[in-house]
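To keep things clear, I will list the structure first and then write my remarks on it.
The values are calculated or read from the model by the stated rules, or taken from the named source; none is laboratory data. A quick note: this is a predicted structure, and the numbers were derived from the prediction, not measured. Positions of Cβ are backbone-derived with ideal geometry, glycine not excepted, and every protein chain shown enters the neighbour counts. What goes into the accessible areas is simple: the full protein's heavy atoms, side chains included, and nothing from ligands, DNA or RNA. Shrake-Rupley method; radii C 1.70, N 1.55, O 1.52, S 1.80 Å.
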Amino acid sequence: MKEDNSQKKHNIEELLKNGITVSFKPMGYSMYPMIVPDRDEVTIASIKGHQIRRGDVLVYRRPAGKLIIHRVYKATSDSVYMIGDNEHVVEGPIPKSVVYGYMTSFSHNNRHYSTRNIIYKAYYNIWLLLINFSEPIGNLVHKLKKGRK
C-alpha cells in the first residue's frame, strides 16, 4: 500500500516539533540542482535552539498547508524570507512560528554532505549572490543539458 504523502509530511512536522531529527527524500524541484527529488535525502533537525541565518535550508508550513523546504534569503527578528534554489521569487515574510526545522546534512548522488562543509557553504553563498540571475542561469543549464542528449 502506498503511503499517503500528506500524512508523511504531517508526521515530519510533528517529529520536528518534538525535537526529533528526521531524514527523508524531498519531492519537487524547487531546490534543484542541490536536491534532486526521489534521489537525494535531507536530514532536518528541530529548529528549537537554532539561530536562523541567511543560507540555512528550513522546513516551514505555508498558509495553504503545504510543508516546504527552501533556503533563507533574509531573516529578521520575527520572520524569514525564503527562496528555492531553482526559483527566482523570494517568499515572505514568513513568521518564524511556522518554521519547524533546519537542514543539517544531505545526500546527493549517494555522497553525504554536512551543511558545515566549506564547499557547501561556498555553494550557497555564491548561489545567494547570483539569485537575481537564477532564472536565466537555470534556463541556460537546461538548454545545455538538452543539447547534450
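A quick yes/no check of all residues on (1) open to solvent by 30 Å² or more (accessible area, probe 1.4 Å); (2) under 12 Å from the mean Cα position of the chain (by Cα); (3) under 18 Å from residue 116 (Cα atoms); (4) among the polar types (S, T, N, Q):
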| site | (1), (2), (3), (4) |
| --- | --- |
| 25 | yes, yes, no, no |
| 33 | yes, yes, no, no |
| 36 | no, yes, no, no |
| 80 | no, no, no, no |
| 92 | yes, no, no, no |
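Within the stretch 40-55, the set of residues being out of contact with any helix residue (DSSP H, G or I) (no Cβ under 9 Å at 6 or more places or on another chain), assigned to a loop (DSSP other than H, G, I, E, B) and of a type in the set (D, E, K, R) comprises 40, 53. Within the stretch 122-139, is there a residue that is modelled with pLDDT of 85 or more, out of contact with any helix residue (DSSP H, G or I) (no Cβ under 6 Å at 6 or more places or on another chain) and either open to solvent by 90 Å² or more (accessible area, probe 1.4 Å) or among the charged types (D, E, K, R) (or both)? Checked the stretch 122-139: at least one residue is modelled with pLDDT of 85 or more, out of contact with any helix residue (DSSP H, G or I) (no Cβ under 6 Å at 6 or more places or on another chain) and either open to solvent by 90 Å² or more (accessible area, probe 1.4 Å) or among the charged types (D, E, K, R) (or both).
In the stretch 18-39, which residues are assigned to a loop (DSSP other than H, G, I, E, B), over 17 Å from residue 71 (Cα atoms) and either of a type in the set (Ser, Thr, Tyr) or modelled with pLDDT of 90 or more (or both)? The answer is 18, 19, 20, 21, 39. The set of residues in the stretch 43-68 that are open to solvent by less than 20 Å² (accessible area, probe 1.4 Å) and within 18 Å of residue 123 (Cα to Cα) comprises 55, 57, 58.
Whether a residue is open to solvent by less than 60 Å² (accessible area, probe 1.4 Å), at pLDDT 95 or above, farther than 23 Å from residue 14 by Cα and not polar (S, T, N, Q) was assessed, and residue 75 passes this test. Is it fair to say residue 113 is part of a strand (DSSP E or B), of a type in the set (Ser, Thr, Tyr), at pLDDT below 95 and within 13 Å of residue 43 (Cβ to Cβ)? When the stated conditions are applied, residue 113 passes them. Restricting the first member to the stretch 117-144 and to residues that are assigned to a helix (DSSP H, G or I), and the second to residues that are open to solvent by less than 50 Å² (accessible area, probe 1.4 Å) and modelled with pLDDT under 75, the beta-carbon pairs closer than 8 Å and six or more apart or on different chains are 127/134.
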